[in-house]
Amino acid sequence: MNLLLVLPVLVPLATAVAGILLLRAPRVARWASVLGSAGLLASSVALLSATLDGTILVTQAGAWSAPFGITLAADRFAAAMVVVGAVLIAGAAAPRLVTRDMVRRMKPGSVLVDISIDQGGCFETSRATTHAEPTYVVDDVIHYCVANMPGAVPRTSTFALNNATLPFARRLADHGWKAAMQADPHLANGLNVHAGHVTNAAVAQALDLPYTPVAKFLK
């Protein structure tokens, strides 16, 4: 038996029993409660650490046959009620970090929010939706995968986008594209396609096309 899986059950039970037995000693009962809470926190942290790499811990409480057997499991993904995916690899499609099997293990009514949907999504069950129909259900799990999420606040998001991009647009207008990119390597990194050539390595890899370094066109 894996004692780590049993502790979240035994610690609160022992704390409750101690509280009943120490009714006439309230100060000691309070200390027992504090120690019980600390023990429960420690066991929770230990369980989290043991399952961070995706390991699923399983143990049987006793050797009873069905339907009386009790099985305890620690699965970090199945315990989640809300999972937010936010993965960005500049120029490339988002990697699929959550598989269909992982989604099946989640509790009914759980929620997946895929912020990476504009790059293809990081959940295997993701597909782009709209603000008009933002959600859908797969295996009893609610998916929110709205493309262009900032569109929910169009005025605010437009100001934010303009504030971020206007300085680069001014440099292009004032100096021309080549001189502006020669002077600013960060701006040059934003060039994806030029004269029929893909100049962004991640884009070329995602589309399975030949890659041409942008430096070739800035000489």
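Here are some conditions: (1) among the polar types (S, T, N, Q); (2) farther than 21 Å from ILE89 by Cβ; (3) open to solvent by less than 30 Å² (accessible area, probe 1.4 Å). ASN163 meets all but one. Which one does it not meet?
Only one criterion in (1) among the polar types (S, T, N, Q); (2) farther than 21 Å from ILE89 by Cβ; (3) open to solvent by less than 30 Å² (accessible area, probe 1.4 Å) is unmet by ASN163, namely (3).
Determine whether region 19-26 contains at least one residue that is in a loop (DSSP other than H, G, I, E, B), open to solvent by 60 Å² or more (accessible area, probe 1.4 Å) and at pLDDT below 80.
The answer is no; no qualifying residue exists.
Please return the ranges of strands (runs of 3 or more DSSP E) entirely within region 34-136 where 1 or more residues are more than 30 Å from LEU13 (Cβ to Cβ), open to solvent by 80 Å² or more (accessible area, probe 1.4 Å) and modelled with pLDDT of 85 or more. Don't jump to the end; show me each part of the working.
Values: elements: 57-61, 70-74, 82-85, 111-114.
Per the criteria, 82-85.
Considering every residue within region 19-36, establish whether at least one is without any contact (Cβ under 8 Å) to a residue 40 or more places away in the chain, under 23 Å from ALA74 (Cβ atoms), of a type in the set (Gly, Ala, Ser) and in contact with a helix residue (DSSP H, G or I) (Cβ under 9 Å, 6 or more places away or on another chain).
Yes, that holds for at least one residue.
How many residues does region 48-92 contain that are in contact (Cβ under 8 Å) with a residue 12 or more places away in the chain and at positive phi?
Within region 48-92, residues that are in contact (Cβ under 8 Å) with a residue 12 or more places away in the chain and at positive phi number 2.
Please find, among ARG96, ARG76, ARG104, the residue that is charged (D, E, K, R) and more than 16 Å from the chain's Cα centre (by Cα).
Working: ARG96 fails: more than 16 Å from the chain's Cα centre (by Cα); ARG76 fails: more than 16 Å from the chain's Cα centre (by Cα).
The conditions single out ARG104.
Does ALA29 count as over 22 Å from the mean Cα position of the chain (by Cα), modelled with pLDDT of 80 or more and on the phi < 0 side of the Ramachandran plot?
Details: over 22 Å from the mean Cα position of the chain (by Cα): yes; modelled with pLDDT of 80 or more: yes; on the phi < 0 side of the Ramachandran plot: yes.
Spelling it out, ALA29 is indeed over 22 Å from the mean Cα position of the chain (by Cα), modelled with pLDDT of 80 or more and on the phi < 0 side of the Ramachandran plot.
Can you spot a residue in region 138-151 that is out of contact with any Ser or Thr (no Cβ under 7 Å at 6 or more places or on another chain), more than 17 Å from ALA93 (Cα to Cα) and hydrophobic (A, V, I, L, M, F, W, C)?
yes
Here is a list: VAL141, VAL146, VAL203, VAL153. Which entry is free of Cβ contacts under 8 Å to residues at least 12 places away in the same chain, within 24 Å of the chain's Cα centre (by Cα) and under 30 Å from THR125 (Cβ atoms)?
VAL153
Answer with yes or no whether ASN189 is under 29 Å from the mean Cα position of the chain (by Cα), surrounded by 14 or more Cβ atoms within 10 Å (Cβ to Cβ) and not hydroxyl-bearing (Ser, Thr, Tyr).
yes
Can you find a residue in region 146-157 that is of a type in the set (A, V, I, L, M), open to solvent by less than 60 Å² (accessible area, probe 1.4 Å) and not in a helix (DSSP H, G or I)? Break it down into steps so the answer makes sense when it comes.
Filtering region 146-157 for residues of a type in the set (A, V, I, L, M) gives 146-147, 149, 152-153.
From what's left, open to solvent by less than 60 Å² (accessible area, probe 1.4 Å): 146-147, 149.
With not in a helix (DSSP H, G or I) added as a condition, the list becomes 146-147.
The answer is yes, given that some residue of region 146-157 is of a type in the set (A, V, I, L, M), open to solvent by less than 60 Å² (accessible area, probe 1.4 Å) and not in a helix (DSSP H, G or I).
For HIS143, are the conditions met, namely being touching a helix residue (DSSP H, G or I) at 6+ places or on another chain (Cβ under 9 Å) and open to solvent by 70 Å² or more (accessible area, probe 1.4 Å)?
For HIS143, the condition - touching a helix residue (DSSP H, G or I) at 6+ places or on another chain (Cβ under 9 Å) and open to solvent by 70 Å² or more (accessible area, probe 1.4 Å) - is not met.
Of the residues that make up region 205-217, is at least one of a type outside the set (Ser, Thr, Tyr), farther than 21 Å from ILE89 by Cβ, at pLDDT below 95 and buried (at least 16 other Cβ atoms within 10 Å of the Cβ)? Please lay out each step first, then the result.
Initial filter on region 205-217 (of a type outside the set (Ser, Thr, Tyr)): 205-210, 213-217.
Keeping just the survivors that are farther than 21 Å from ILE89 by Cβ gives 215-217.
Going one step further and asking which of them are at pLDDT below 95, we end up with 215-217.
Pick out the ones that are also buried (at least 16 other Cβ atoms within 10 Å of the Cβ) and you get 217.
Looking for residues that are of a type outside the set (Ser, Thr, Tyr), farther than 21 Å from ILE89 by Cβ, at pLDDT below 95 and buried (at least 16 other Cβ atoms within 10 Å of the Cβ), one finds at least one in region 205-217, hence yes.
The values are calculated or read from the model by the stated rules, or taken from the named source; none is laboratory data. Model, not experiment: these values are computed from the prediction. Cβ coordinates were reconstructed from backbone atoms using ideal geometry, including for glycine residues, and neighbour counts include every protein chain displayed. We work out accessible area using only protein heavy atoms, side chains counted, and drop any ligands, DNA or RNA first. Shrake-Rupley method; radii C 1.70, N 1.55, O 1.52, S 1.80 Å.
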